[in-house]
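This report refers to the structure that appears directly beneath it.
The values are calculated or read from the model by the stated rules, or taken from the named source; none is laboratory data. Bear in mind the structure is a predicted one, so any value in this text is a computation, not a measurement. Ideal geometry is used to build each Cβ from the backbone, glycine not excepted, and the neighbour counts take in all protein chains shown.
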There are 2 protein chains.
Amino acid sequence: METGLEAFVALCRKSEIKVTPQRLEIYKEIISADNHPSAEYIYQNIRSRLPGISRDTVYRTLSSFQEWGLISQVPNLDEMIRFDPNTQPHHHFVCEKCRKLIDFSWSEFDSMAIPAKLNGIGTIHNRHVEIYGLCQECASKEQQ
Amino acid sequence: METGLEAFVALCRKSEIKVTPQRLEIYKEIISADNHPSAEYIYQNIRSRLPGISRDTVYRTLSSFQEWGLISQVPNLDEMIRFDPNTQPHHHFVCEKCRKLIDFSWSEFDSMAIPAKLNGIGTIHNRHVEIYGLCQECASKEQQ
DNA sequence: GTCGTTGCAAAAGTTTTGCACGTTA
DNA sequence: TAACGTGCAAAACTTTTGCAACGAC
């Protein structure tokens, strides 16, 4: 925890990023929360310590932290909900550029034993793979 | 296509669900679109054929279709973006009830060859597993 | 003092809800 | 005709943006 904060301040000094109370609190909240918080959750939790903070500071700071490689976004397809006429369990290839989704099956994965570390984690219902990359169309456009 | 539509009408008749022009168009759009469309995409595409249709009909119909098992939602953690202080590639266990996320690594999966079917699909950058279930806390509450 | 950051306010975009009217069976 | 479905309008909620004031270095 301490180490994380110190590393943050050191990185800022080195990278000419200004250290502000808001950034410190947001960073502290993310590394101490164990639930992969959302922007709104962070905002609500910080308000008691920094009463004047505004939502947009939280959003902008999180966006900056991502840019600087301090945090990452939990993989999520889109901000929009998308629908699938295939109601059977299956996996997805996701084009990072055009967001096209291609279904595929992977029986070898489906029948694979789950890591031993997950034994006491709870009840497992199903599993899903997402493979990210560029689809053929986008990959060929990229080369031009 | 035809078969899908006929099956839809048959299911409706059997289940005392009313067949309306809006429902038919929305269903047709989903099964013919190859891109796992969003509600907004479906709305925009149907408007030319059903000029009077409203957004909320599309949303409510999609919600009904899900309830009836005709379509599924593409797996997505939440409507909100969530952040992760762990910037290394890793996988997630997702509790379906409290939405808690637990990180885990799975080197056996990471080094597994990707299905041959995906060979010509494009450029692959990375892959991510999501395991869905109930965490220990929620599973024990469930039993009570 | 300079320039990056912040707060405020407003807006954009997705999704939900209440209510009166229309339509299906 | 009875019950369900739809359209309209408004609202809730997450996220983004423009601008003036503030604060870190």
Seminar exercise, completed: Counted residues in the stretch A:12-43 being more than 12 Å from DNA strand C (Cβ to nearest atom) and touching a residue at least 40 places away in the same chain (Cβ under 8 Å) come to 1
For this session: Please verify whether the stretch B:124-131 includes one or more residues that are modelled with pLDDT of 95 or more and farther than 25 Å from A:K97 by Cβ.
Result: yes
For this session: Specify the residue that is modelled with the lowest pLDDT; the eligible residues are those in the stretch B:79-90 that are surrounded by 13 or more Cβ atoms within 10 Å (Cβ to Cβ) and within 19 Å of the chain's Cα centre (by Cα).
Result: B:M80
Seminar exercise, completed: Within the stretch A:9-40, residues within 8 Å of another protein chain (Cβ to nearest Cβ) and either assigned to a helix (DSSP H, G or I) or basic (K, R) (or both) come out as A:I30, A:I31, A:A39, A:E40
Problem set entry | Of the criteria (1) more than 8 Å from DNA strand D (Cβ to nearest atom); (2) within 30 Å of B:E96 (Cβ to Cβ); (3) not acidic (D, E), which one A:P51 fails | (2)
Exercise. Name the residues in the stretch A:46-67 that are surrounded by fewer than 17 Cβ atoms within 10 Å (Cβ to Cβ) and part of a helix (DSSP H, G or I), would you?
Worked result: A:R55, A:D56, A:Y59, A:R60, A:S63, A:S64, A:Q66, A:E67
Exercise. How about the stretch A:94-124: which of its residues are more than 7 Å from chain B (Cβ to nearest Cβ), under 24 Å from B:S107 (Cβ atoms) and part of a strand (DSSP E or B)?
Worked result: A:V94
Exercise. A:L70 is checked against (1) part of a helix (DSSP H, G or I); (2) closer than 22 Å to B:H91 by Cβ and fails just one. What number does that condition carry?
Worked result: (1)
For this session: Collect the residues in the stretch A:19-78 that are more than 17 Å from the chain's Cα centre (by Cα) and acidic (D, E), keeping them in residue-number order.
Result: A:E25, A:D56
For this session: All but one of (1) touching a residue at least 12 places away in the same chain (Cβ under 8 Å); (2) closer than 30 Å to A:S72 by Cα; (3) within 13 Å of DNA strand C (Cβ to nearest atom) hold for B:P89, so report the exception by its number.
Result: (3)
